[in-house]
Amino acid sequence: MREQPAYDAILEGGRPEGFTLESCGGALQQKGVYAVYAALKMFGRPNSATYFATAIETGVDGAGVAFLQYDHFYVTLHFGFITDSYMPTEINGHHELIQVDDLTEIHLVQHYDAQKKITPLMTADYTYHFTGELLDFTEILEHPFKAENRKQYGEWLQLAEDVNNLVYHLRKMVGIKFPTD
């Protein structure tokens, strides 16, 4: 979905925070990072990655498409704040698919089988954004020495490093350079 009113401000000559090189912003940094996290969490580090971006007046990417290549499949990530989209996330198999309503605030995950029969896999109805993440972080902060929490923390740390490395690679690929680089 398009980021309002920030992009409209850019169209009127503004430079809102988070939408400039100086604030290390852009579609990949603000929106795409969620999709990159999801892809790497589900499939691991890709063998290679390519990024195509649409630049805007402030020097950052307003929208982009990233292609992640794995051994036997590709992952395509679409994100941006200069266009509107209400498409769900899909993981397509040969005859089946898994559909996620919104990667940034998951409420419904469904499985479609070969006959297009729909089976809900997960539903959540959180009142506040990121409630699930908050509950997970709270568990680790309250019980940092439990073996499973230490393991989870290590996995999160590795995932964060992998995501950061991939996002940096994708940014470099299209020539987005922040003053802090």
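The values are calculated or read from the model by the stated rules, or taken from the named source; none is laboratory data. Worth saying up front: this structure is predicted, and the values here are computed from it rather than measured. All Cβ positions, glycine included, derive from the backbone under ideal geometry; neighbour counts span all protein chains shown. Just the protein is used for accessible areas: all its heavy atoms, side chains included, with ligands, DNA and RNA removed. Shrake-Rupley method; radii C 1.70, N 1.55, O 1.52, S 1.80 Å.
Things worth noting here:
- Residue check for Leu141: touching a strand residue (DSSP E or B) at 6+ places or on another chain (Cβ under 6 Å) and open to solvent by 90 Å² or more (accessible area, probe 1.4 Å): no
Every residue, every condition in (1) modelled with pLDDT of 95 or more; (2) within 13 Å of the chain's Cα centre (by Cα), yes or no:
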| position | (1), (2) |
| --- | --- |
| Tyr7 | no, no |
| Ile10 | no, no |
| Arg15 | no, no |
| Leu28 | yes, yes |
| Tyr34 | no, yes |
| Ala38 | no, yes |
| Met42 | no, yes |
| Ala53 | yes, no |
| Gly62 | yes, no |
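- Taking region 156-176 as the range and being under 14 Å from Thr50 (Cα atoms) and aromatic (Phe, Trp, Tyr) as the test, only Tyr168 passes.
- Some residue of region 165-177 being open to solvent by 80 Å² or more (accessible area, probe 1.4 Å), in a loop (DSSP other than H, G, I, E, B), touching a helix residue (DSSP H, G or I) at 6+ places or on another chain (Cβ under 9 Å) and closer than 19 Å to Val33 by Cβ: yes
- Looking only at region 138-164, residues that are under 19 Å from the mean Cα position of the chain (by Cα) and not β-branched (Val, Ile, Thr) come to 9 in all.
- Selected residue (only one of Asp125, Asp113, Asp136 is under 19 Å from Gln99 (Cα atoms), of a type in the set (D, E, K, R) and open to solvent by less than 100 Å² (accessible area, probe 1.4 Å)): Asp113
- The set of residues from region 38-89 being closer than 24 Å to Phe19 by Cα, open to solvent by 20 Å² or more (accessible area, probe 1.4 Å) and not hydrophobic (A, V, I, L, M, F, W, C) comprises Thr50, Thr54, Glu57, Gly59, Thr76, His78, Thr83, Asp84, Ser85, Tyr86.
- Given (1) in contact with a helix residue (DSSP H, G or I) (Cβ under 7 Å, 6 or more places away or on another chain); (2) part of a loop (DSSP other than H, G, I, E, B); (3) open to solvent by less than 70 Å² (accessible area, probe 1.4 Å); (4) modelled with pLDDT of 90 or more, number of the condition Leu103 does not satisfy: (4)
- Residue that is least open to solvent (accessible area, probe 1.4 Å) [pool: residues in region 14-37 that are touching a residue at least 24 places away in the same chain (Cβ under 8 Å) and on the phi > 0 side of the Ramachandran plot]: Gly26
- Restricting attention to region 144-164, the residues that are in contact with a helix residue (DSSP H, G or I) (Cβ under 8 Å, 6 or more places away or on another chain), part of a helix (DSSP H, G or I) and open to solvent by 50 Å² or more (accessible area, probe 1.4 Å) total 2.
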